[in-house]
Structures are given as C-alpha cells and as structure tokens.
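The values are calculated or read from the model by the stated rules, or taken from the named source; none is laboratory data. As the structure is a computational prediction, the values presented were derived from the model and not from experiment. Every residue, glycine as well, gets a Cβ built from its backbone with ideal geometry; the counts of neighbours run over all protein chains shown. Note: areas computed on protein heavy atoms with side chains; ligands, DNA, RNA excluded. Shrake-Rupley method; radii C 1.70, N 1.55, O 1.52, S 1.80 Å.
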Amino acid sequence: MNNKIKKGIDPLHKISTIFLSYSWNDTDVANSIDEYLSKNANVSVKRDIRDIGVWKSIREFMESIREQDYAVLVISDAYLKSSNCMFEVMEIMKEKKYEDRIFPAVVNKTIYDPFVRAGYIEYWQKKCEELERVIKTIDIVNTAEIIYELKRYRSIASSIGEFLSLVADMNNPQIEDVKIQVVDVLLNRK
C-alpha cells in the first residue's frame, strides 16, 4: 500500500520504514508483529514475503535493511543459526549507532545467559571450520562463491558476541508487547 494514501496519517510524525527480520520458523510471531505495525498509518513494514519480487535478488533485499529507518529483529535459536538472518544483522551493524535503529523481539530468553551466547559464537566458528574443510577439497578455481560464504560466516562468528551482548543488555519488552512498544517509541520520538 502506498504510504501517502494510508488513512489516518498523523502529520506530526513522518512515516517510518521498518524492516522485519525473522526466521521462517518464527512466522507466527512475525505475522503478528507485521499485522499490528501495518495497521499504523505512520509505519511501513518491509518484509521478504511481500517485497522480494519473483526472480529478484534475496541478497539485495537483505542489504536493504540499512536503507530502512528501523529493524525489528525476531531473535530465536533458529534466527541466530540462520546465515540469512545473521547476514541482515551484520548489515545493520555496519551503521553507526545501529543500536538506536533496532527493536529486538526476543523469543529465545536464554540469550541473557553468557554461556548460551558463547554457544552461538562456537556454533558459527564450527560452521566456518566445516566450510573450510569442504573448500579444501574443491579446486581453487571453483571456490569463488563458496569463499564469499566463508567470509560471511567469519563475519558472523566475529560479530555475534557483540550483537548478543548488546541485545542482552537492552530492556527488551516481553515478546507479546514488542509490537505495541515499537509503535509507542515511534510516536513519542522527537
């Protein structure tokens, strides 16, 4: 829907674009957040199932997270183990003060435990090692795209600890209240 024709737009607040980042394992949570935010005239939600055209680049869509005003990140075990979800996180982390642009929707409350966070770092380190082993078995001439994936995995392994520590330090609302809190923050920002 074109933002300019949404009814009830509050002229005192600009339309905010929100990138919804989630694992497909958490589609129900994402649907709930999407439905609630999309009802607000001052919010435009960008989501994969709506905004990636047929035969269009998934990578370009994921990179567009940086072009949006904010990102809602539905954080679960599946999310933290998904290379696509973590690619979106790595993209938003490239922005200065990215912490002011994210709304973590924490499904997996265990991330508040440093041992669990360390487990995610270990998970991505092991993924790097596994891919390195496979690359060694392939003729170097044929590895260009696979090496790109390895670089992405290494980036995730080296940054996931920082990201999870930031999220664990935030006063995150209960998962059922995230959507309400997002709208409240947007409407009360200066």
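Worth a mention:
- According to the calculation over all Cα-Cα pairs in region 31-92, the P(r) per 10 Å bin from zero is 19, 51, 29, 1 %.
- Test item: Cα-centred dipole of the chain, Lys/Arg +1 and Asp/Glu -1 on Cβ, debye: 560
- Tilt relative to the chain, helix 27-38 - C-alpha long axis, 0 to 90 degrees, to 10: 30
- Taking amide H as placed 1.01 Å from N in the peptide plane, Ala105 has its amide H under 5 Å from the amide H of Leu73, Val74, Ile75, each at least 5 places away in sequence or on another chain.
- Two-decimal Rg/Rh across region 28-169, once Rg and the Kirkwood Rh are taken from alpha-carbon atoms: 1.00
- Listed residues Tyr123, Gln68, Thr27: farthest to the positive end of the dipole of the chain (Cβ charges): Gln68
- C-alpha long axis of helix 178-188 to longest principal axis of the chain, angle in °: 60
- Principal-axis tilt of helix 83-93 within the chain, Cα atoms, nearest 10 degrees: 60
- Computed with a 1.4 Å probe over protein heavy atoms only, the accessible surface of the chain comes to 57 Å² per residue.
- Computed log₁₀ I(q)/I(0) - Debye formula, equal Cα scatterers, no solvent, region 49-123, q 0.22, 0.25, 0.27 Å⁻¹: -1.11, -1.27, -1.35
- Under 25 Å from the Cα of Lys14 - lysines, other chains or at least 8 residues apart: Lys4, Lys6, Lys39, Lys46, Lys94, Lys96, Lys97, Lys179, Lys190
- Trypsin sites (Lys or Arg not before Pro) within region 22-84, DSSP loop, no more than 16 other Cβ atoms inside 10 Å: Lys39, Lys56, Lys81
- By the rule of a C-alpha distance below 16 Å, with chain neighbours fewer than 8 residues away ignored, the aspartates and glutamates paired with Lys109 are Asp26, Asp77, Asp169, Glu176, Asp177.
- Sorted largest first, the principal axis extents computed over the alpha-carbon atoms of region 89-190 equal 56, 29, 21 Å.
- With the simple spin-label model, which puts each label point 7 Å out from Cα in the Cβ direction, the Glu132 to Glu95 separation comes to 3.3 nm.
- Model label zone, Trp24; criterion: amide N under 19 Å from point 7 Å along Cα-to-beta-carbon; scope region 58-76: 58-63, 74-76
- Förster radius 41 Å - calculated FRET efficiency between Thr143 and Gln181, Cβ distance, rounded to 0.05: 0.35
- Estimated FRET transfer efficiency (Ala78, Asn31; beta-carbon r; R0 22 Å; 0.05): 0.90
- Fraction of accessible area attributable to carbon and sulfur, the chain (%, probe 1.4 Å): 52
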